[in-house]
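One structure follows; several queries about it will come next.
Rule-based calculations on the coordinates, nothing more; no lab input. Bear in mind the structure is a predicted one, so any value in this text is a computation, not a measurement. All Cβ positions, glycine included, derive from the backbone under ideal geometry; neighbour counts span all protein chains shown.
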Amino acid sequence: HFKPRPIRDNDYTKVQMWIQRNWRNVNKQVVIDAVNAACDKQTISPVRHYLEGLDESELDISTVFEIYFGVVPENNEHQAFIRAASSLFLKQAVARAVNPGCKADTVIVLEGKQGIGKSTGLRALFSTEWFKDSMPPMGSKDASDYIVGACAWCIELAEMAFQGKAKIEQQKAFISRQEEKYRPAYKRNE
């Protein structure tokens, strides 16, 4: 009943204990190196595996905003924009899942009254397992830790209105970053 998850520091200790109980004493650094080498060969991407199992012929990504979020276009030009935005949004989501770090720096803004289902729609679209909505302040170490450890495919950035220019620039840089480099708290490596 093992469910794949990111490795934790305590996993190395458990492997070392098992080896010492069933085989012989072994240095913890040897265990860490061996586990990391094995993990490099066995990378699991649940989102990618899910996407690979979809039947493309059944998908019309251009109408997602209209069908699932209730967007009603005002005219043909507005409909073309809504459909282009819907397609771009989902193409970026797929691109980032299949090719992590690819350039994808567009964020959609869902406007509407409180309680009309904006977050619920995103949660339904990306699944409860891969949708996160409690992002720490962007640019902080906590934010970096959150996006890596959360197994998040979609992260809601709630209530972004009325922010200063410096904060907006920091958010833009964070969103468009193609590589996340940081050292988690109490960990050895980036």
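From the phi of every residue in the stretch 32-40, what ³J(HN,Hα) in whole Hz does the Karplus formula 6.51 cos²θ - 1.76 cosθ + 1.60 yield, where θ is phi - 60° and glycine or proline is x?
Karplus-based 3J(HN,Hα) across the stretch 32-40 equals 4, 4, 5, 5, 4, 5, 5, 5, 4 Hz.
Taking each pair of different alpha-carbon atoms in the chain once, compute 1/r for the pair, average those values, and report the inverse of that mean as the Kirkwood hydrodynamic radius in Å to one decimal.
19.6
Using the Cα centre as the reference, give the magnitude of the dipole from point charges on the C-beta atoms of the stretch 1-121 (Lys, Arg: +1; Asp, Glu: -1; all else neutral), rounded to the nearest 20 debye.
Dipole about the Cα centre, nearest 20: 980 debye.
When only DSSP loop residues count, what GluC sites (Glu not before Pro) in the stretch 63-115 have their Cβ near at most 11 other Cβ atoms within 10 Å?
Filter output for the stretch 63-115: Glu74, Glu111.
Continuing with the same structure: Which ³J(HN,Hα) values, rounded to whole Hz and listed in residue order, are derived for the stretch 78-93 from phi using the Karplus coefficients 6.51, -1.76 and 1.60 in 6.51 cos²θ - 1.76 cosθ + 1.60 with θ = phi - 60°, glycine and proline given as x?
Taking θ as phi minus 60°, the curve returns 5, 4, 4, 5, 4, 5, 5, 5, 4, 4, 4, 4, 6, 5, 5, 4 Hz for the stretch 78-93.
How big is the gap, in Å, between the Cα center of the stretch 1-55 and the Cα center of the stretch 104-136?
31
Using the beta-carbon distance between Asp60 and Val35 and R0 = 41 Å, what value does 1/(1 + (r/R0)^6) give for FRET efficiency, to the nearest 0.05?
Numbers: r = 43 Å, r/R0 = 1.06.
Using R0 = 41 Å, I get an efficiency of 0.40.
Sticking with this structure for a sec: Tell me which chymotrypsin sites (Phe, Trp or Tyr not before Pro) from the stretch 1-35 have a DSSP coil assignment and no more than 15 other beta carbons within 10 Å of their own.
Taking the stretch 1-35 and a limit of 15 other Cβ atoms within 10 Å, the loop chymotrypsin sites (Phe, Trp or Tyr not before Pro) found are Phe2, Trp23.
What is the calculated FRET efficiency for Ser176 to Ser127, with r their C-beta to C-beta distance and R₀ = 30 Å, to the nearest 0.05?
Values: r = 25 Å, r/R0 = 0.83.
Efficiency for this residue pair is about 0.75.
Once the Cα atoms of helix 9-22 and of the chain are each reduced to a long axis, what angle between those two axes, in degrees from 0 to 90 to the nearest 10, is obtained?
The helix 9-22 is inclined about 30 degrees to the chain.
Say a paramagnetic label sat at a point 7 Å from the Cα of Asn10, along Cα to Cβ; which residues of the stretch 21-37 have their backbone N under 14 Å from it?
The answer is none, because no backbone nitrogen lies closer than 14 Å to the label point.
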